[in-house]
Amino acid sequence: MIPVTLFDSPHVRGVNAALKGAKEIILVNQIADDHNEALTADHVLPVAVVCRIVNSMHMPSSELRIRLQVLSRAKVHKVTQSGTYPRVQITRLANNHPQKLSREQQKLISSVQNKFTQLSQIDENASAYELMVQDTYEPGELADLVAMALPLEYKDAEPIYLECDAFKRLDAVAKILASHLDLVSIRERISDRARKELTKSEHETLLREQIRQIQAELGEETDDTDELETLEQQLKKSKMPPAVKTEATKQLRRLKQLHPDTSEAALARTYIDWMVDLPWATRTKDSLDVKTARQILDEDHYGLEKTKERILDCLAVGRLKKNMRGPILLFVGPPGVGKTSLGRSIARALGRKFVRASVGGLRDEAEIRGHRRTYVGALPGRIIQGLKTAQSKNPVFILDEIDKIGSDFRGDPASVLLEVLDPAQNANFEDHYLNVPFDLSEVMFIATANVTDNIPSALLDRMEIIEIPGYTAEEKIEIAKRYIVPRERSENGLDKIIDGKHDFQIPEKSIQFVIEGYTRESGVRELTRTISSICRKVARLAAEGQDLPRTITPQVIEKFLGPVMFIADRKLKDPQVGVVTGLAWTPVGGEILTIEVSSTPGKGQLSLTGQLGEVMRESAMAALTYVQASAEELGINPEIFEKVNLHVHVPHGAIPKDGPSAGTAIATALVSVLTGKPISNNIAMTGEVTLRGNVLAVGGVREKALAALRADIPVVIIPEDNKRELVEYPEYLKSKVTFVPVKTVTEVIKLALSEQVHNLTETVHVSKPTILKK
């Protein structure tokens, strides 16, 4: 029996006509819902049902309520509009009752009845039809009855409705019944287990999930549902590797099962956000024009030719070979020489994104590799965070201050960097938070450091070291003229007040005055601050309406900044006995080092003062032993060592000093005191001395030579093994300083104690370096 309510006038008129006749009507399933066209057989399903009108009732609101009894299926041939209501031309499809059922057909009917009995025991809706199902043995009627009792969706019900063969229909219903029975059984078992194990919070979670499902059915999805759908779409569109996408999909499926207000849901949502936002396959296209790259590097930085050549070499290789692995570089140099800004220029020249992460002072390896997701507030490490910020798989990644990484009970971050900075391993870098591999092989890593002493040897071996030396005074002047002064003028608002009436210039002479009197550094950071201070002083005068200086002279600078802070190094006025000019390297550049030796009556004791380090003390002892062993060759009476005490002192006693490079200077000063011959004030020297009088190579010769040039010392004695470095020295340095390579201390002493070099002004060239005759 089917209750039907009719609203449309044509249908009401058709039922009224049927009530006057055989009281039978046809129910058809309409496919197209277009009321503007005439209804045809193409608009309905090919199978309809013949129904008898059991009773009818006309309502005051023009509705007609009827109760129908379904009689049989019918095949639809034609649909027409005859008069004021539609008519259907059909052929009745009678239910053929087989006289004798086969064994398979009997088993099928029995199986359907048994499974429906099982379903009725756990499903209250099915229990209302149990008796009718058990009393029905005709296969077609049984199939229709069971299908009516099941909660079928349209897509499952339509094939059964259209199937006219009774046993095929019953077989299809049997399959759906079996599947539905399994599903209901599983739900029942889960419900029984849940009723036994649910705590109060879990019960609330279940209720909220039910509410969410109800809201979804009603079309009232919450924002959380929309967010999950958005994440799912982003996950499908992302170009993750298959293994990574599998893990992300697993976490998203888990997130859907959690209540949105729980902490587990927040952790899962954050994890999926990170996975979706990472540039798994996003990369920028390299700009491989070597000429343009050279122009960009020259625009941003003055000098640094060796570094620029290395970058241009990398670009040239990129033009010839695709999928080139990102190089691992280490810029080593004193503070303020532009290591970090050089990395930014490299990114601009390559057309890549730029990322910077300062690792100085890190002691927790989780800062590099990330925290486990089980920790509260867990996040990926700085490598993954930087890549997310860049939104590129191949950025230029700067690791600043890598020489200042520490370690404690939380791990050793430098050990983690062994994998990050190894091109053979970082293609499968695994962050603890992501717990899936990420390819870092296309990242161009550039580390910066002031010194390499504190970097573990294994980590240092993975990087190509490019030394960035300190700037000379001439280079600082050019940098100030080209970059610092224009930038500081603009940043301090002086461009707005500068016109034809008020010009603002800092000439080269004034810049040199600032460099020598107010800064003492290898880089230009303090120089930038000082020029900025001068610009602020001018801006203040402009704001107060006072007259502005057209040219910033040294006198104006001294008025703005006060007396000079540093006194420039100057060579000794005259040659002196026992006083030699040595050269020292410091983190801020080279400096001249005056070493004094005096003799007093005594018993051959050696005193060392001036806060000397252990290595420098050993060098002094080695120098004295050499002088004692070679006394006759050097023109010294061997007996004098038993009659005098020798005192070696290095002024500026509050400053610690160490290193072996003062060995030749101390040996020369000892010979000068013992022979009474003065040492030339036009000579500075560096080199380690051995007990046999050999001079060994030392470091920082370029910076030391620059210190000698600042002090107007024309001759620098260097070890023979350092002679090869002259090729890389700037031309103006080689044109103003004479480099004298030596192999033994004897050569140094003969040159330093010779009166012929007191006024030496010769120059040296790389092709034919000037070597003084003995």
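The values are calculated or read from the model by the stated rules, or taken from the named source; none is laboratory data. Worth saying up front: this structure is predicted, and the values here are computed from it rather than measured. Positions of Cβ are generated from backbone atoms using ideal geometry, with glycine treated the same way; all protein chains shown enter the neighbour counts. These area figures cover heavy atoms from the full protein model, side chains too; ligands, DNA and RNA do not enter into them. Shrake-Rupley method; radii C 1.70, N 1.55, O 1.52, S 1.80 Å.
Regarding region 567-585, can at least one residue be identified that is under 17 Å from residue 624 (Cβ atoms) and in contact with a Phe, Trp or Tyr (Cβ under 8 Å, 6 or more places away or on another chain)? Checked against the condition, which is being under 17 Å from residue 624 (Cβ atoms) and in contact with a Phe, Trp or Tyr (Cβ under 8 Å, 6 or more places away or on another chain), region 567-585 yields no hits at all.
Contact annotation: residue pairs with Cβ atoms under 9 Å, 6 or more positions apart or on different chains, pairing a residue in region 536-553 that is small (Gly, Ala, Ser) with a partner that is open to solvent by less than 90 Å² (accessible area, probe 1.4 Å) and part of a loop (DSSP other than H, G, I, E, B), are 539/492; 539/493; 539/497; 542/493; 542/497; 542/502; 542/548.
Within region 202-210, at least one residue is modelled with pLDDT under 80, over 30 Å from residue 101 (Cβ atoms), among the β-branched types (Val, Ile, Thr) and assigned to a helix (DSSP H, G or I). Selection of helices (runs of 4 or more DSSP H) fully inside region 300-398 by the criterion of at least 3 residues being on the phi > 0 side of the Ramachandran plot and open to solvent by 60 Å² or more (accessible area, probe 1.4 Å) returns nothing. If we scan region 750-769, do we find a residue that is modelled with pLDDT under 90, part of a loop (DSSP other than H, G, I, E, B), surrounded by fewer than 19 Cβ atoms within 10 Å (Cβ to Cβ) and of a type in the set (A, V, I, L, M)? Yes, region 750-769 contains a residue that is modelled with pLDDT under 90, part of a loop (DSSP other than H, G, I, E, B), surrounded by fewer than 19 Cβ atoms within 10 Å (Cβ to Cβ) and of a type in the set (A, V, I, L, M).
Listed by position, the helices (runs of 4 or more DSSP H) enclosed by region 414-498 that each have at least 1 residues that are open to solvent by less than 10 Å² (accessible area, probe 1.4 Å), in contact (Cβ under 8 Å) with a residue 40 or more places away in the chain and closer than 29 Å to residue 279 by Cβ are 457-460.
Can you pull out every residue in region 285-299 that is assigned to a helix (DSSP H, G or I) and either touching a Lys or Arg at 6+ places or on another chain (Cβ under 6 Å) or open to solvent by 20 Å² or more (accessible area, probe 1.4 Å) (or both)? Passing the criteria: 290, 291, 292, 294, 295, 296, 297, 298, 299.
Quick grid of which residues meet (1) outside any strand (DSSP E or B); (2) touching a residue at least 40 places away in the same chain (Cβ under 8 Å):
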position: 48; (1), (2): no, yes
position: 55; (1), (2): no, no
position: 62; (1), (2): yes, yes
position: 66; (1), (2): no, yes
position: 69; (1), (2): no, yes
position: 74; (1), (2): no, yes
position: 77; (1), (2): no, no
position: 80; (1), (2): no, no
position: 90; (1), (2): no, yes
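Residue-level check: of (1) in contact with a strand residue (DSSP E or B) (Cβ under 7 Å, 6 or more places away or on another chain); (2) at pLDDT below 90; (3) in a strand (DSSP E or B); (4) open to solvent by 70 Å² or more (accessible area, probe 1.4 Å), residue 38 misses just (3). Of all residue pairs spaced 6 or more apart or on separate chains, those with beta-carbon atoms under 8 Å, a first member in region 132-143 that is without any contact (Cβ under 8 Å) to a residue 12 or more places away in the chain and a second member that is among the hydrophobic types (A, V, I, L, M, F, W, C) and buried (at least 20 other Cβ atoms within 10 Å of the Cβ) are 136/142.
Step by step: first the residues of region 6-35, then only those that are open to solvent by 60 Å² or more (accessible area, probe 1.4 Å) and assigned to a strand (DSSP E or B), then the one that is modelled with the lowest pLDDT. Which residue is that? Result: 30.
Among what's in region 176-201 and is surrounded by 12 or more Cβ atoms within 10 Å (Cβ to Cβ) and at pLDDT below 70, pick the residue that is nearest to residue 157 (Cα to Cα). Residue satisfying both the conditions and the ranking: 194.
Each residue in region 268-284 was checked for being in a helix (DSSP H, G or I) and surrounded by fewer than 16 Cβ atoms within 10 Å (Cβ to Cβ), and 3 pass. Starting from region 182-193, take each residue that is assigned to a helix (DSSP H, G or I) and list its partners that are modelled with pLDDT of 85 or more and open to solvent by 70 Å² or more (accessible area, probe 1.4 Å), counting only C-beta distances under 9 angstrom and pairs at least six apart or across chains. Final answer for the pair search is 185/118. Does region 127-137 hold any residues that are in a loop (DSSP other than H, G, I, E, B) and either open to solvent by 50 Å² or more (accessible area, probe 1.4 Å) or touching a His at 6+ places or on another chain (Cβ under 6 Å) (or both), and which are they? The answer is 128, 129, 137. Residue 677: open to solvent by 60 Å² or more (accessible area, probe 1.4 Å) and within 24 Å of residue 741 (Cβ to Cβ), yes or no? Criteria met by residue 677.
The set of residues from region 629-665 being open to solvent by 80 Å² or more (accessible area, probe 1.4 Å) and either farther than 23 Å from residue 611 by Cα or touching a Pro at 6+ places or on another chain (Cβ under 9 Å) (or both) comprises 629, 632, 633, 637, 639, 642, 643.
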